[in-house]
Amino acid sequence: MRAMIIDDSRAMRSILRRIVTGLDFETSEAEHGQDALDQLRAGVVPDVCLVDWNMPVMDGYTFITEVRANPAWRDITLMMVTTESEQRQIVRALAAGAHEYVIKPFTPDAIVDKLSLLGLVPA
Amino acid sequence: MTTPTAFASVSALVRRETSMVYDEGKEYLVEARLNPLAAARGLGLEEYVGRLAFDAEERRKVVDALTINETSWFRDHTPYQAFTDAMVPALLERRQITRRLRIWSAACSSGQEAYSIAMLLDQHLPEGWSHEIVATDISTAMLERVRAGRYSQVEVNRGLPATSLVRYFTRAGREWEIAERLRERVTVRHLNLAAPYVGLGSFDVIWLRNVLIYFDAATKTDILRRMLPMLADDGYLLLGSSETTLDLPADLAAAWRREQIGRVPAYRRAATSLTPSLTSTGA
Amino acid sequence: MSAAAHESPASEDVRAVTEDVWMVLLGEDGGLRPRTVPADAPFDAAAWSAATTISGGWHGVVTVELDEALARLLTGRMLALTDDETATDSDVADAVGELVNMVGGNVKSLMPGPSTLSLPAVAAGRAAFGSDSALACRIDLAWQDGPVRVSVHVPQGGPR
């Protein structure tokens, strides 16, 4: 399994990378939505993207909208990992095509649980 | 650090009041759970334990603290999958007359199991059917939590699908509150599993997961014997994933039949195959 | 629990949000202790400060201030640095920014929305607050003897 970690904070990418590499994922990283889209277009297509919401250049919400608009990327699972925790924002992200949503701060278990709900790691 | 004497006295207290067993080796757990209680009283652990004999209120807190069960939403997934894929459809066939299901979440802790079941029944029961989920626990503090139906962000982050979070919860300050329509399906009752089961009625599915491990062999056997009449003839008993190999006396082993439902073993009353198919459960 | 647009977050809520962030980032030893500081006293140790602005249904600025040693320790934990690796200033700015992002996002959810959360602004040194803003809530905490302050400011003419 391959995961792309999209977050403008190196510290947060590092935390998420340790969790998913612990689950035997290969990882790639992007600093914002545009960076991630460029990588997807260049052929770095992961099984799952962990997507922050508030990022410079292109935010995570715009990113998932862009990914969902391209049928070639429909197999990519999208999981928001963000401090945005207003109920209406969660609803918006799910409506735009996010499969799961983890609110920061999170424990490593929360990420593992959600990836397992998505069938990406054995339960 | 607990001295052996202090540990022994706490473990005797919990055993007396709940029949749950805290063997040697569980010192770390007793310490972790009692330290905050002792600190709240401004006492060291030793000193706090020494006072328990004279303080019924603190004894109740200790019992509460030591009987709290780790839990999360849809814990282990597979039992919930088997519940919606196999047990509920079978029960829908067999309860055409009463159109009612009764579920027991035994040792419900903070209620995540009961509410996980409530969410599934909300999605999978057809119009015109009713259901009741009875949630029991020995901890009154936990029962209060179930009644309140409020969970922290850390709790809703774990194992709860985001679609269910937004569908069944609303934000209430720092916490998330479960929808009223689910809360009113859950009846909360105080119950010690080692004591008689009175006035509960019988159930179509009993969730008795990850709690038998806390009891000694004799109490376990006794609980499983007394579970028999609590379960409808064609009902299902679910145990925790590490509790499925039970060493039971021959007559009790013969009364339960293990049946693989999807990816989980369920326990069923052995006489089921002999009863007519149109049984109904009285509530 | 719903707050009108002119309300301030409860300090108890801001404290709990901050404690959650600490526990989750640092685990077992993430416990924060309360710290008594005279009212109106400027933060006595700030070496790093980070702020994020909430605007929309509610307006306010959430600021986290930490002392140097604490900021470096926290950065080291977040980046999982080994003992012989040291965090650069840019690492610290990044980590402290993520910290205020987490606290700020959760404070935003306590207040009337919808609102947006700005990207964090991080500075070396004490945070400066303009005269057009008023302190709505402030908590002083300590982690492993290092002081931490979280404050929420609202536009002047708001609360108080």
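FYI, it's all coordinate maths here, none of it is from the lab. The structure presented is a predicted model; accordingly, all values stated were derived computationally and were not measured. No Cβ is skipped: glycine too gets one built from the backbone with ideal geometry, and neighbour counts run over all protein chains shown.
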Average partner coverage of B:4-11, which counts Cβ from other chains inside 10 Å: 0
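To the nearest 20 Debye, how big is the dipole of chain C about its Cα centre, given +1 on the beta carbon of each Lys and Arg and -1 on that of each Asp and Glu?
Dipole size: approximately 660 debye.
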Dipole axis of the protein assembly as shown (+1 Lys, Arg; -1 Asp, Glu on Cβ), positive-most option in B:143, C:81, A:102: B:143
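Express the relative contact order of chain B as a whole percentage, based on alpha carbon pairs under 8 Å and six or more residues apart in sequence.
Numbers: 414 pairs, mean separation 54.4, N = 283.
In percent, rounded to a whole number, it is 19.
Find the percent of Cα-Cα distances in chain C that exceed 28 Å, and round it to a whole number. Could you put the intermediate results ahead of the total?
On the way: 2134 of 12720 pairs.
Cα-Cα pairs of chain C separated by over 28 Å account for 17 percent.
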Rg and Dmax of the range B:4-66, Cα atoms only, in Å: 10.4, 29
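How do B:18-24, C:74-80, C:107-113 rank on mean C-beta neighbours within 10 Å, highest first? Before the final figure, lay out each step's value.
Working: B:18-24: 16.6, C:74-80: 20.7, C:107-113: 22.3.
In descending order of packing, they fall as C:107-113, C:74-80, B:18-24.
Hey, got the dipole for chain A? About the Cα centre, +1 on K and R Cβ, -1 on D and E Cβ, debye to the nearest 20? Numbers along the way, then the final one.
On the way: 12 positive and 18 negative charges, 27 e Å.
Approximately 120 debye in magnitude.
Under a Cβ-only charge scheme (Lys and Arg +1, Asp and Glu -1), can you give me the dipole magnitude of the protein assembly as shown about the Cα centre, in debye to the nearest 20? Don't skip to the end; give the middle numbers.
Details: 57 positive and 75 negative charges, 445 e Å.
It works out to roughly 2140 debye.
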Ranked by how many other beta carbons lie within 10 Å on average, peptides B:212-222, C:143-153, B:123-133, B:164-174 from highest: C:143-153, B:164-174, B:212-222, B:123-133
Positive-pole candidate from B:29, B:14, B:157, dipole of the protein assembly as shown, charges at beta carbon: B:14
Gyration tensor (alpha-carbon) shape descriptor, chain B, a/c threshold 1.5: oblate
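Within 10 Å, count the other beta carbons around each residue, average over each peptide in A:8-20, B:181-193, and list them highest first.
Details: A:8-20: 21.8, B:181-193: 17.2.
For the peptides A:8-20, B:181-193, the packing ranking is A:8-20, B:181-193.
Using only DSSP helix segments of four residues or longer, with each worth -39500 (n - 2.57), what per-residue ellipticity at 222 nm results for the protein assembly as shown after dividing by its residue count and rounding to 500?
Numbers: 21 runs with 213 residues, N = 566.
After summing the helix terms and dividing by residue count, I get -11000 deg cm²/dmol.
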Expected-Rg normalisation [2.2 N^0.38 Å, Cα atoms] applied to the protein assembly as shown: 1.07
Amide H within-cut-off set for residue A:29, under 5 Å, with H built and near neighbours excluded: A:5
Global form of the range B:87-192, assessed from the alpha-carbon gyration tensor, a/c cut-off 1.5: oblate
Under the Debye formula (equal points on every Cα, no solvent term), log10 I(q)/I(0) of the range B:1-131 at q = 0.10, 0.16, 0.21 Å⁻¹: -0.50, -0.80, -1.13
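Mind checking the mean number of beta-carbon atoms from other chains within 10 Å of the Cβ atoms in A:11-24?
Values: counts 18, 8, 3, 7, 7, 0, 1, 2, 0, 0, 0, 0, 0, 0.
So the per-residue partner count for this stretch is 3.
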Residue B:138 long-range amide H proximity, modeled H, under 5 Å: B:191
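For residue C:118 and residue A:118, FRET efficiency with R0 = 35 Å and r from the beta-carbon atoms, rounded to 0.05?
Values: r = 31 Å, r/R0 = 0.88.
The pair residue A:118/residue C:118 has a calculated efficiency of 0.70.
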Residue of C:96, C:37, C:64 that the Gaussian network model of chain C assigns the largest fluctuation, springs spanning Cα pairs under 10 Å: C:37
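Shape verdict for the range A:2-107, please, from the Cα gyration tensor: rounded (a/c under 1.5), prolate (a/b greater than b/c) or oblate.
Working: a/c = 1.39, a/b = 1.02, b/c = 1.36.
In terms of gyration-tensor shape, rounded.
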Peptide B:167-173, shielding by other chains (average Cβ, 10 Å cutoff): 4
